[in-house]
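> Sharing a structure with you now.
The values are calculated or read from the model by the stated rules, or taken from the named source; none is laboratory data. As the structure is a prediction and not an experimental result, all values here were calculated from the model. Because the Cβ atoms are built from the backbone with ideal geometry, glycine has one as well, and the counts that use them run over all protein chains shown.
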Amino acid sequence: MPDLDAPPRALQGIGVGPGLSAGAVARMAAPPALPDPRPVTDPERELADAVRALEAAEADLRARSEAADGEARDILSAQAMIAADPTLRDGVAERVRAGEDAAHALRSTFDRHRELLASLGGYLGERAADLDDIAHRAIAAALGRPMPGLPSPGHPFVLVADDLAPADTVGLDTGTVLALVTERGGPTSHTAILARALGLPAVVGCAGILEVPEGTVVAVDGTSGQVRAGVGDDEAAGVRARAAEERSRLTAGRGPGRTADGHPVDLMVNIGSAADLRGADLDGVAGVGLFRTEFLFLGRKDAPGLDEQVAAYAEAFALFPEGTVVVRTLDAGADKPLPFLGLPEEPNPALGVRGLRVARDRPEILDTQLEAVARAAEQATADVWVMAPMVSTPVEAAAFVERARAFGLRTAGVMVEVPAAALRADRLLQVADFLSIGTNDLSQYTLAADRQSGALADLLDPWQPALLQLIAACAEAGRRSGRSVGVCGEAAADPALAPVLVGLGVTKLSMSARSVPAVRARLAAHDRAACEDLARRALDAADAAEARAAVLSS
Amino acid sequence: MPTRTVAVAARTGLHARPAALFVKAAADQETPVRIRVGDGPAVPAASMLAVLSLGVGHGTEVTLEADGPGADAALDALAALLARDLDAEEPADA
């Protein structure tokens, strides 16, 4: 039991989902560890146990599927069908007859199928991880342990985990989860992206949170990254009341983005397909600032055809008949392999053939995509812009823009994700119509810190002054040329950072739809001069934590 | 042996929901049905893992085969299912 008389303990992590909340900790159950194999005396009984375990996993996944909706429901239902797969039962039966106990027979059967899927690579390779989730559930059942996964303590809770994987959080109910806190993970980790998509307060990289006992009441500040463990019920109630007040204040703001003195800032949304915006409140949203087109290409043996692409793009353009939709051409390659690209494995995928670089060898994929965007744009009333990912030089930018224009696309720009591109922003804007800064990759390349690395999360922080300085250089180039410079990375979703970005000269912010109200509210609270003052303070700081502190305290 | 060859119409190919619908329908048939791509090995259509591992994309032609009583009816039903864009159809119970 938590010691109720001890003073609250302060833990510090990185705030990635702004907002306040407080509640009791419930931990993500860890996957079960396999005990040593034991000799099998009764194979029939052992097999019956293993089959029961698979049935329990299936029933658990089926129940979760029925409680979920939309895409989560489909994913979980497919997972349940895998658990019920007769080939799994046959495999397990074979291992049990070979002398393995139920848990080990399950483990080795799942491992064999996992390897098979992983060897197929691409989208199917990623499904190998889903198989692990089913395996963990079946093994837990065979060992008589609780199923791993989201806890259900029967009351609202603060979800605590080492780190969260996509499969862990499918069907996460924002009605009962108050906040997310993870021991590991960085600002671009899945937890961070999920938190912002769900509008949940979240802190990642919070050392020590796993040692906080289950049931302890914690107060989470997703803006400052502070977690206070062991607060009293009164303080928790106070925090929740402040959070509710904050939320109603946020949702009161309507209309397009602007500073307190009326300087307009385009608030836009990032989407992966038209379906992402179902049910979203798009009041005052100027359009789509980042339309990721990868979904069309995932899990394919061949590139999607022209007509199929035209139809998918047209669907997205129809969402904003009077707005702007910025299409990013295929961002795949060494880091996000697609089978039909036929690219060799590389030792440093992040520094390899990815994004626009894929067009060096496979120009026809880019050409088909540009033609499809142009055709869909012809039928649409939305203002369609197109941009290329992973551009490093003005020559690459010029070649892309020329290609896009050849297909009749009027507005063609490039993403700034590489420091070289930011340093040459003036030259880029001599050929490109606009720049869009992808802060996740730009911070990875500027600070030389892998986006996936939880240990380097402080370096990947979008508040790093070096990153802000490169953004400032792009914005300054935009001002000189009268062209648009936007930010479409996770940085744009941080309400505290929004006035800083605007102060640096950024004119468009693109984020998940749920982040819009908080960003809009924060911008409306500062006039342009105040934004510029905050930008100067952040640029003057020695590191990300100092920059954040300087802005939040002023 | 009776067979049917059909192009998969689902936009995402035989993954996730379309695969689940197909596998479930195959399991409901009285006769075991197998599925293959081109001259590849035929795998049980009622196995989610086997069907997923085929990695069937949109527009890929697959061949269904079955033997025994009711084989033709089972093949017709499953071929008709694959010829529909299963992604575009809303789940009936949602």
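> Quick check on my filter: what residues within region A:495-527 are closer than 25 Å to residue A:428 by Cβ and not hydrophobic (A, V, I, L, M, F, W, C)?
A:503, A:505, A:507, A:508, A:510
> Among the numbered criteria (1) assigned by TED's automatic domain parsing to the domain that holds residue A:226; (2) in a helix (DSSP H, G or I), which single criterion is violated by residue A:115?
(1)
> Check off (1) within 14 Å of another protein chain (Cβ to nearest Cβ); (2) out of contact with any strand residue (DSSP E or B) (no Cβ under 8 Å at 6 or more places or on another chain) for residue A:86 and give me the number that stays unchecked.
The failed condition is (2).
> Somewhere in region A:358-369, is a residue touching a helix residue (DSSP H, G or I) at 6+ places or on another chain (Cβ under 9 Å), in a helix (DSSP H, G or I) and polar (S, T, N, Q)?
Among the residues of region A:358-369, at least one is touching a helix residue (DSSP H, G or I) at 6+ places or on another chain (Cβ under 9 Å), in a helix (DSSP H, G or I) and polar (S, T, N, Q), which makes the answer yes.
> Hey, another quick one. Being small (Gly, Ala, Ser) and under 25 Å from residue B:54 (Cβ atoms) narrows it down to one residue among A:284, A:342, A:352; which is it?
A:342
> Let me ask something else about it. Anything in region A:487-539 that is part of a strand (DSSP E or B) and either free of Cβ contacts under 8 Å to residues at least 40 places away in the same chain or out of contact with any Leu (no Cβ under 7 Å at 6 or more places or on another chain) (or both)? List them, or say none.
Within region A:487-539, A:508, A:511 meet the criteria.
One line per residue, one yes/no per condition, for (1) surrounded by 19 or more Cβ atoms within 10 Å (Cβ to Cβ); (2) modelled with pLDDT of 80 or more; (3) closer than 16 Å to residue A:31 by Cα; (4) touching a strand residue (DSSP E or B) at 6+ places or on another chain (Cβ under 6 Å):
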| residue | (1), (2), (3), (4) |
| --- | --- |
| A:135 | yes, yes, yes, no |
| A:141 | yes, yes, yes, no |
| A:145 | no, yes, yes, no |
| A:149 | yes, no, yes, no |
| A:154 | no, no, no, no |
| A:161 | yes, yes, yes, yes |
| A:166 | no, no, yes, no |
| A:180 | yes, yes, no, yes |
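> Within region A:284-293, identify whether any single residue is away from every other protein chain (no Cβ under 14 Å), closer than 29 Å to residue A:524 by Cβ and assigned to a helix (DSSP H, G or I), and answer yes or no.
No, that holds for no residue.
> In the set A:269, A:239, A:326, which member is of a type in the set (A, V, I, L, M, F, W, C) and part of a helix (DSSP H, G or I)?
A:239
One line per residue, one yes/no per condition, for (1) in contact with a Leu (Cβ under 9 Å, 6 or more places away or on another chain); (2) surrounded by fewer than 24 Cβ atoms within 10 Å (Cβ to Cβ):
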position	(1), (2)
A:357	no, yes
A:361	yes, yes
A:377	yes, no
A:381	no, yes
A:397	yes, no
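> Go through region B:20-39 residue by residue and tally those that are away from every other protein chain (no Cβ under 12 Å) and not β-branched (Val, Ile, Thr).
6
> Something else: Can you tell me how many residues in region B:1-39 are assigned to a strand (DSSP E or B), hydrophobic (A, V, I, L, M, F, W, C) and over 14 Å from residue B:51 (Cα atoms)?
Total meeting the criteria: 2.
> Which of the following residues is in contact with a Leu (Cβ under 8 Å, 6 or more places away or on another chain), more than 14 Å from every other protein chain (Cβ to nearest Cβ) and part of a loop (DSSP other than H, G, I, E, B): A:39, A:32?
Checking each option against the conditions leaves just A:32.
> Residue B:17 fails exactly one of the following numbered conditions: (1) in contact with a helix residue (DSSP H, G or I) (Cβ under 7 Å, 6 or more places away or on another chain); (2) more than 9 Å from chain A (Cβ to nearest Cβ). What is the number of that condition?
(2)
> Among the residues of region A:295-317, is any away from every other protein chain (no Cβ under 14 Å) and closer than 30 Å to residue A:221 by Cα?
no
> While we're here: Only one residue in A:266, A:261, A:233 is out of contact with any His (no Cβ under 6 Å at 6 or more places or on another chain) and not assigned by TED's automatic domain parsing to the domain that holds residue A:322, so which one is that?
A:233
> If you don't mind, there's one more thing I want to ask. Just the residues that are buried (at least 18 other Cβ atoms within 10 Å of the Cβ) and at the interface with chain A (Cβ under 9 Å from one of its Cβ atoms), please, taken from region B:44-59.
B:44, B:46, B:47, B:48, B:49, B:50, B:52, B:53, B:55, B:56, B:57, B:58
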